Amino acid sequence: MTNTEAPKGTDLSAHTARDLREVARELNSRPRLVLGDKTPAEAMKDWLTQPLTC
């Protein structure tokens, strides 16, 4: 979770596991500049489908 969703020190026990999974899903579906504007899931899929090189 980022400070936007929950400022530092926020008591997360006030939220359900479902709420936290939803926040995680939202964060993981955001494109990232560092990943070439891909989502973390897209970048992981690309990485996993690359041939192994030694």
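I'm trying to understand the selection: among the residues of region 20-49, which are acidic (Asp, Glu) and loosely packed, with under 12 Cβ neighbours inside 10 Å?
Scanning region 20-49 gives 26, 37.
Is it fair to say residue 34 is at negative phi and touching an Asp or Glu at 6+ places or on another chain (Cβ under 7 Å)?
no
Looking only at region 20-54, count how many residues are over 22 Å from residue 6 (Cα atoms) and not in a loop (DSSP other than H, G, I, E, B).
Qualifying residue count, region 20-54: 12.
Bear in mind that the values in this text are calculations on the coordinates, not laboratory data. The structure presented is a predicted model; accordingly, all values stated were derived computationally and were not measured. As a convention, Cβ positions derive from the backbone with ideal geometry for all residues, glycine included, and neighbour counts pool all protein chains shown.
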